[in-house]
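Structure, as structure tokens:
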Amino acid sequence: MKKTIVKTIIGIIAFAVIVILFNSLYVVNYNNYVIVQQFGRIVDIKSTPGLNIKVPFIQNTTSIYYGNRIYDIPTSDVITKDKKSMIADDYVIWRVTDAKKYYQTLGAQAPRAEERIEAAVYNATKNTISSMTQDEVIAARGANLTEIITKESNSDISDYGIEVLTAEIKALDLPDDNKTAVYERMISERNNIAAGYTAQGEAAAQKIRNETDKQVTVTKANAEKEAEVIIAEGEAEYMKILSDAYNDEDKADFYNYIRSLDALKASLSGGDKTLLLDKDSELARILYGNY
């Protein structure tokens, strides 16, 4: 009987120890904060992974994941500065940066945090796009628009202990009723820009051609001038050589004799071989041997 009572008491004590240990230990997982509360008041926040101890039955814990999370925000209509309607489809990457603020304001509930994020990103998107014309929005889409919306979104949710790492518009579209008109206007504008570039290119090409033609004309004129000078100098040198070669009477007579023969030969080159000469001409003297 006594042994049974002792065993029962030991069992109760062992069970109590297990219950106390179970309520005294808690684990901090990777990428998690653990908030330790006592009577509803935060007394400690742990972020280092591992096993920790708390006061059993008096203190309780709440885990908060602080890694990156993705939230796809529903599409919304926004109006540009020039009163054009556009459809924005955003997604957000966010995380918890201050566990105490997050717990105190949102109760560590992710759906409530995403509601605040959705409102902040929608307002940031609406305010950003409403400050731009439709053409400016289209030109800024991408990194520039993402940076502006992300910065403005964070200014609205900083008190909740969360941070928007990026608030990006994954799709920025036009309503079906004005897509065609906008696309046609964009195509027309691009064609006008292309025509302007073509005209500039043609003007530059014509200028180059004109300058090249001018250079060719000047170079050709200079070459012809130099050629005429060289020819004149050659003819002068030729006459000088002839003058030096026939500078006495005998050589001059011989030169006249050769020139006369050349003239005779040239006169007989046609089909008519008849030659009428004055008896006192140089050619008659040559033919009769009186030279």
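The lone criterion from (1) more than 23 Å from residue 151 (Cβ to Cβ); (2) surrounded by 17 or more Cβ atoms within 10 Å (Cβ to Cβ) left unmet by residue 129 is number (1).
Out of the residues in region 187-220 that are under 22 Å from the mean Cα position of the chain (by Cα) and among the hydrophobic types (A, V, I, L, M, F, W, C), which is farthest from residue 135 (Cα to Cα)? This residue is 195. Within region 164-177, does at least one residue satisfy the condition of being of a type outside the set (D, E, K, R), under 25 Å from the mean Cα position of the chain (by Cα), open to solvent by 40 Å² or more (accessible area, probe 1.4 Å) and closer than 30 Å to residue 36 by Cβ? Scanning region 164-177, I find at least one residue that is of a type outside the set (D, E, K, R), under 25 Å from the mean Cα position of the chain (by Cα), open to solvent by 40 Å² or more (accessible area, probe 1.4 Å) and closer than 30 Å to residue 36 by Cβ, so the answer is yes. Pairing each residue of region 133-160 that is crowded, with 19+ Cβ neighbours inside 10 Å with any residue that is in a helix (DSSP H, G or I) and of a type in the set (D, E, K, R), provided the two are 6+ apart or on different chains, yields C-beta distances under 7 Å for 157/116; 160/101; 160/116. With respect to residue 90, determine if the residue is open to solvent by less than 30 Å² (accessible area, probe 1.4 Å), among the acidic types (Asp, Glu) and under 25 Å from residue 127 (Cβ atoms). Yes; evaluated as a whole, the condition is true for this residue.
Within region 58-75, being out of contact with any helix residue (DSSP H, G or I) (no Cβ under 6 Å at 6 or more places or on another chain), assigned to a loop (DSSP other than H, G, I, E, B) and either within 22 Å of residue 111 (Cβ to Cβ) or modelled with pLDDT under 85 (or both) holds for 66, 67, 68, 74, 75.
Yes/no matrix, rows are residues, columns are (1) of a type in the set (A, V, I, L, M); (2) at pLDDT 85 or above; (3) in contact with a strand residue (DSSP E or B) (Cβ under 9 Å, 6 or more places away or on another chain); (4) not in a loop (DSSP other than H, G, I, E, B):
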| residue | (1), (2), (3), (4) |
| --- | --- |
| 215 | no, yes, no, yes |
| 221 | yes, yes, no, yes |
| 228 | no, yes, no, yes |
| 250 | no, no, no, yes |
| 253 | no, no, no, yes |
| 276 | yes, no, no, no |
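Just checking, does region 193-210 include any residue being aliphatic (A, V, I, L, M), within 30 Å of residue 42 (Cβ to Cβ) and open to solvent by less than 60 Å² (accessible area, probe 1.4 Å)? There is no residue in region 193-210 that is aliphatic (A, V, I, L, M), within 30 Å of residue 42 (Cβ to Cβ) and open to solvent by less than 60 Å² (accessible area, probe 1.4 Å).
The values are calculated or read from the model by the stated rules, or taken from the named source; none is laboratory data. What you see is a predicted model, and the numbers here were worked out from it, not measured in a lab. Cβ sites come from the backbone with ideal geometry, for glycine too, and all protein chains shown count toward neighbours. With ligands, DNA and RNA removed, areas are computed over all heavy atoms of the protein, side chains included. Shrake-Rupley method; radii C 1.70, N 1.55, O 1.52, S 1.80 Å.
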